[in-house]
Amino acid sequence: MSGRESARDENAFWVQYIAERNGECQLDDYSADVWRALRGLWNHYRLCRSASILEVGPGWGNYSFRLVEAFDRFAVADLAPVILDYIAEQCSRRGTRRVVTHECTLESLPFENEFDAVLAVNCFYRCESLQEAATQASRAARDLVVFGITSGPIRDDVARVAAVVTHEPKREPYTWRNLLDAAHSAGFRPQVLSVPLVRRYTYATIEEATTAVKNRFRSWEESSTVDVASLIKPAYTHTSDGFSLEHGFEMGLVHWSTTFS
């Protein structure tokens with residue numbers, strides 16, 4: 001797939017994603033725990049409020065709206081124009097200052113020592129070379145790069161179905177270990193901070209949960225022969241809100257100083 005096709009696909013995905021949520025994407029609950037860990041890193045590397053921060057691949061803004069309030073100079077970069085517009089519009093609606101946007105990828109950042117720090121979280125699925133991503137982010141940052149990615153065991157309900165079907169559930173192509181290796185290969189001395197997380201999934205009915213589980217698979221040829229509802233129901237707690245499941249995972253924050261290679 002060419003870079004232009006990748007950008008078009010990414011933008012189309014986010015256009016639909018934002019439209020389905022009527023232009024209001026809910027921040028992930030776990031992002032508050034990750035933000036506390038990030039604040040610890042800012043303090044460790046002595047980044048003050050006047051620092052300039054570039055966030056690459058902001059998604060629906062789990063960290064963007066906190067970053068724009070925490071630092072005087074904040075910019076975002078993404079290959080999808082709709083995401084840049086969304087972040088800028090949401091920051092404006094929240095009464096924060098104007099956000100500078102850049103349409104580019106993590107592997108093609110057109111900056112050299114322009115920011116004090118570069119942050120990229122869960123945006124590596126379209127990267128062809130993590131080493132190149134680490135190199136370009138380090139070239140753009142004067143002091144610090146933080147690459148974050150969630151990983152861990154698959155959800156219990158998905159695992160129960162995966163055990164009896166022939167096709168694999170969707171998985172992220174990388175883990176924080178891949179990010180760590182990429183930074184090492186780029187000539188830096190990265191460290192990793194692991195943040196344990198828990199996410200609760202709640203569905204009104206078991207049928208709604210079944211649909212969600214099927215969507216975790218890339219294809220579903222066996223849908224007519226596998227009783228998914230019966231397989232996943234023991235994984236859930238039935239409450240007044242519906243069917244709930246807690247899933248434990250982690251955020252690996254791979255970080256390194258760009259002044260010591």
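Read-outs: derived from the displayed coordinates by stated rules, not from any lab. Computed from a predicted structure; not experimentally measured. With ideal geometry, Cβ positions are generated from the backbone for all residues, glycine too; neighbour counts draw on all protein chains shown.
Observations on the structure shown:
- Unmet criterion (only one of (1) surrounded by 14 or more Cβ atoms within 10 Å (Cβ to Cβ); (2) under 27 Å from Glu128 (Cβ atoms); (3) touching a Ser or Thr at 6+ places or on another chain (Cβ under 6 Å)) for Val192: (3)
- If you check Ala77, Ala32 for being among the hydrophobic types (A, V, I, L, M, F, W, C), part of a strand (DSSP E or B) and within 26 Å of Glu250 (Cα to Cα), only one passes: Ala77.
- Total residues in the stretch 170-184 satisfying the condition of being surrounded by 16 or more Cβ atoms within 10 Å (Cβ to Cβ) and either within 13 Å of the chain's Cα centre (by Cα) or under 21 Å from His247 (Cα atoms) (or both): the figure is 3.
Conditions (1) outside any strand (DSSP E or B); (2) surrounded by 12 or more Cβ atoms within 10 Å (Cβ to Cβ); (3) in contact with a Leu (Cβ under 7 Å, 6 or more places away or on another chain); (4) of a type in the set (S, T, N, Q), marked per residue:
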| site | (1), (2), (3), (4) |
| --- | --- |
| Ala7 | yes, yes, yes, no |
| Cys25 | yes, yes, no, no |
| Ile53 | no, yes, yes, no |
| Gly61 | yes, yes, yes, no |
| Gly95 | yes, no, no, no |
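- Qualifying residue in the stretch 141-163 (condition: outside any strand (DSSP E or B), buried (at least 21 other Cβ atoms within 10 Å of the Cβ) and under 15 Å from the mean Cα position of the chain (by Cα)): no
- Hits in the stretch 202-211 (condition: of a type outside the set (S, T, N, Q) and exposed (fewer than 15 other Cβ atoms within 10 Å of the Cβ)): Ala204, Glu207, Glu208
- Considering residues of the stretch 97-119 that are over 18 Å from Gly59 (Cα atoms) and touching an Asp or Glu at 6+ places or on another chain (Cβ under 8 Å) only, the residue surrounded by the fewest Cβ atoms within 10 Å (Cβ to Cβ): Asp116
- 1 or more residues touching a strand residue (DSSP E or B) at 6+ places or on another chain (Cβ under 7 Å) and under 14 Å from Ala159 (Cα atoms): qualifying helices (runs of 4 or more DSSP H) within the stretch 173-261: 206-214
- Any hit, the stretch 62-78, residues being under 17 Å from Ala140 (Cα atoms), out of contact with any helix residue (DSSP H, G or I) (no Cβ under 9 Å at 6 or more places or on another chain) and not aromatic (Phe, Trp, Tyr): yes
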